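The values are calculated or read from the model by the stated rules, or taken from the named source; none is laboratory data. If you're wondering where the values come from, they're calculated on a predicted model, not measured in any experiment. Every residue, glycine as well, gets a Cβ built from its backbone with ideal geometry; the counts of neighbours run over all protein chains shown.
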Amino acid sequence: MTDPSRIDLPRRRLITAVGAGMALSILSPFARSSGVGQPFALGVASGDPLPDGFVIWTRLVPENQPLSKPVAVRWSVASDAAMTRIVRSGQVQADARLAHSVHVEVTGLQAARPYWYRFEALGEQSAIGRAITAPVQMAAALNMGFVSCSHWERGYFSAYRHLAAENPDLVFFLGDYIYENSYPASSGKVVRAHAIPEARDLDGYRNRYTQYKRDPDLQALHAAAPCVVTWDDHEVQNDYANRWSQDAGVDPAAFLKRRAAAYQAFYEHMPLRRSSLPHGPDMRVYRRLEWGPLARIHVLDGRQYRTEQPCVLPDGRHGGHVATCAALSDPQRTMLGWEQEKWLHDGLRQSRAGWNIVAQDLLMAPLDQQDPHTHEWGHWTDGWDGYEATRDRVLANVQQSGARNPVFFGGDIHSFWTTDLKVGAEVVATEFVGTSVTSDGPPYEAFKAVLPRNPHVRFFDSRQRGYVSVSVDARRMETRFQALSDCRDPAATVSTLKRFVVEDGRPGAQEG
Ligand SMILES: [Fe+2]
């Protein structure tokens, strides 16, 4: 099954050349239903708030008629939930080049208040979404949630539904929003199946987002709060690094074509600004947001610029468990790329914010661990442990920058973690890593067994799926690890597994 709204450039050119009669019908589609079926089946989303606006997103996928021609989309932003007091509105063209997605950068709004938005096209209206503008003055508090790793096939997105019900100000998607890969039916792991086996090209990646975005829990979360997105590996391919596929022997030029398709589909389905518009295989995702004087948020890209994972494995692959090799600590290797690393260092050094949140994809703390088969001690090289020199430089900079209250948020490892990030014996930052929304956690007993060798790990649990809620004010950050009853149950309940507090001026989390 391919995406019904797949790109069709030659046909689009033909249709746009048809003439003025067609243009008239394109420009006035709002009066009555066009009969093409609900085009807003993927929901709405908002993201990246500024004090005077935010991005609002949707994508047209009419049920009864694949779109090829450009379609006019009207958008409105209101100051009330019933959308009776419209404060901004406009019209944009959705076209096939970006799969009829719409990214409107709304401006001219008041700081630090909620707004509601809606789209109209082809005679239909979208659902109403709620967004929030960032403050300029000191905010009383910032309520956030963060999520990662939602493999469709492993369960339902109840984590998204429960986080939406908390009405957060901001939601961070920290990677593996989709999974490119699928489980075989014979694996016994498929709770609900992907529509296609593996996403490899633009049609394939669009198909994945089209499927995931139809999920009602995901739509509820996007409609409830603006989000800040970054990616990890599965938005392209498991354990890829920059231009290198996970699979040995794949030509980097061929892999970059796949990356370009994956990045384009990511852009098409996320509320990102035009500054993130992809150029071939390149796309800028690292960026900063400010929440007035309370918080500065540094969003990282841990995949696009990295050196290939060190220490080739016996099967020729990069990325996996290794005992040691010289390249592990080679300072010439980079996780973030030199430009992003400098950007992060500058942003920390210049920060005057009360809290410096680094939103990124991976567990940052070092982890001495044992190979599950050989029990040999070593490191997992696809994560920060494969990039020791970058981690050392980043943490040294955190220490020297004077940036107040640095806290790292991460995902990828499908388990809850609280760690002390250290330079030598000194704790310089706090780390919280959230479990997966659905994806399988690592073996609990095996990881529990290595914790005595890792005393900087303050908490670990891999037995639950869920999300993380964070509330921060000038004095403290409170973090709750939220665990689902069972992600295979579409009506799963949630409970708080653990609560931590970080006090202003004191790095390291306390149980609270
Ligand atoms: Fe994942």
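Regarding residue 439, is this residue out of contact with any strand residue (DSSP E or B) (no Cβ under 7 Å at 6 or more places or on another chain), closer than 16 Å to residue 492 by Cβ and either outside the structural domain of residue 163 (by TED's automatic domain parsing) or within 16 Å of the ligand (Cβ to nearest atom) (or both)?
Working: out of contact with any strand residue (DSSP E or B) (no Cβ under 7 Å at 6 or more places or on another chain): yes; closer than 16 Å to residue 492 by Cβ: yes; either outside the structural domain of residue 163 (by TED's automatic domain parsing) or within 16 Å of the ligand (Cβ to nearest atom) (or both): yes.
Criteria met by residue 439.
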*Give the residues of segment 492-512 that are without any contact (Cβ under 8 Å) to a residue 60 or more places away in the chain and either closer than 16 Å to residue 419 by Cα or crowded, with 20+ Cβ neighbours inside 10 Å (or both), sorted by residue number.*
499, 501, 503, 506, 510, 511, 512
*asked:* Any residue in segment 343-365 that is within 17 Å of residue 388 (Cα to Cα) and at pLDDT 95 or above sitting within a Cβ distance under 7 Å of a residue that is in a loop (DSSP other than H, G, I, E, B) and of a type in the set (Asp, Glu)? List the pairs, counting only those 6 or more apart or interchain.
replied: 361/232; 361/412; 362/412; 363/412
*Looking at residue 489, is it closer than 25 Å to residue 239 by Cα, in contact (Cβ under 8 Å) with a residue 60 or more places away in the chain and either away from the ligand (no atom under 16 Å from the Cβ) or assigned to a loop (DSSP other than H, G, I, E, B) (or both)?*
no
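Do the conditions hold for residue 433, that is, is it within 16 Å of the ligand (Cβ to nearest atom) and under 24 Å from the mean Cα position of the chain (by Cα)?
Numbers: within 16 Å of the ligand (Cβ to nearest atom): yes; under 24 Å from the mean Cα position of the chain (by Cα): yes.
Criteria met by residue 433.
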*Does segment 98-111 hold any residues that are over 23 Å from the mean Cα position of the chain (by Cα) and not hydroxyl-bearing (Ser, Thr, Tyr), and which are they?*
108, 109, 110, 111
*asked:* Please determine whether any residue of segment 456-475 is in a helix (DSSP H, G or I) and surrounded by fewer than 20 Cβ atoms within 10 Å (Cβ to Cβ).
replied: no
*Among the residues of segment 81-107, write down those that are within 12 Å of residue 118 (Cα to Cα) and part of a loop (DSSP other than H, G, I, E, B).*
81, 82, 83, 84
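Filter segment 166-175 down to the residues that are part of a strand (DSSP E or B) and within 16 Å of the ligand (Cβ to nearest atom), then identify the one that is nearest to residue 438 (Cα to Cα). Can you show your working first?
Step one: list which residues in segment 166-175 are part of a strand (DSSP E or B), which gives 170-173.
Then keep just the ones that are within 16 Å of the ligand (Cβ to nearest atom); that gives 172-173.
Working: 172: 16, 173: 14 Å.
The selected residue is 173.
Conditions tested, residue by residue: (1) in contact (Cβ under 8 Å) with a residue 40 or more places away in the chain; (2) away from the ligand (no atom under 16 Å from the Cβ); (3) surrounded by 23 or more Cβ atoms within 10 Å (Cβ to Cβ).
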position: 222; (1), (2), (3): yes, yes, yes
position: 227; (1), (2), (3): yes, yes, yes
position: 230; (1), (2), (3): yes, no, yes
position: 233; (1), (2), (3): yes, no, no
position: 254; (1), (2), (3): no, yes, no
position: 260; (1), (2), (3): no, yes, no
position: 263; (1), (2), (3): no, yes, yes
position: 267; (1), (2), (3): yes, yes, no
position: 271; (1), (2), (3): yes, yes, yes
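Among the residues of segment 196-214, is there at least one that is part of a loop (DSSP other than H, G, I, E, B), within 16 Å of the ligand (Cβ to nearest atom), over 17 Å from the mean Cα position of the chain (by Cα) and at pLDDT 95 or above? Please lay out each step first, then the result.
Step one: filter segment 196-214 for residues part of a loop (DSSP other than H, G, I, E, B), giving 196-201, 214.
Next, only the ones that are within 16 Å of the ligand (Cβ to nearest atom) stay: 198-199.
After this cut, where a residue has to be over 17 Å from the mean Cα position of the chain (by Cα) as well, the list is 198-199.
If we keep only those that are at pLDDT 95 or above as well, we get 198-199.
Looking for residues that are part of a loop (DSSP other than H, G, I, E, B), within 16 Å of the ligand (Cβ to nearest atom), over 17 Å from the mean Cα position of the chain (by Cα) and at pLDDT 95 or above, one finds at least one in segment 196-214, hence yes.
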*In segment 215-245, what count of residues is obtained for those that are of a type in the set (Phe, Trp, Tyr) and part of a loop (DSSP other than H, G, I, E, B)?*
2
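Taking the residues in segment 115-165 that are more than 16 Å from the ligand (Cβ to nearest atom) and of a type in the set (Lys, Arg) as candidates, determine which candidate is surrounded by the fewest Cβ atoms within 10 Å (Cβ to Cβ). Give the steps one after another, and end with the answer.
Keep residues of segment 115-165 that are more than 16 Å from the ligand (Cβ to nearest atom), which gives 115-145, 156, 158, 161-165.
The next check asks that each one be of a type in the set (Lys, Arg); those that pass are 118, 130, 161.
On the way: 118: 21, 130: 18, 161: 22.
Here the answer is 130.
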*Inside segment 288-302, can you point out the residues that are crowded, with 20+ Cβ neighbours inside 10 Å and either out of contact with any strand residue (DSSP E or B) (no Cβ under 7 Å at 6 or more places or on another chain) or not in a loop (DSSP other than H, G, I, E, B) (or both)?*
291, 295, 296, 297, 298, 299, 301, 302
*State all residues of segment 273-287 that are buried (at least 17 other Cβ atoms within 10 Å of the Cβ) and among the basic types (Lys, Arg); if no residue qualifies, say none.*
287
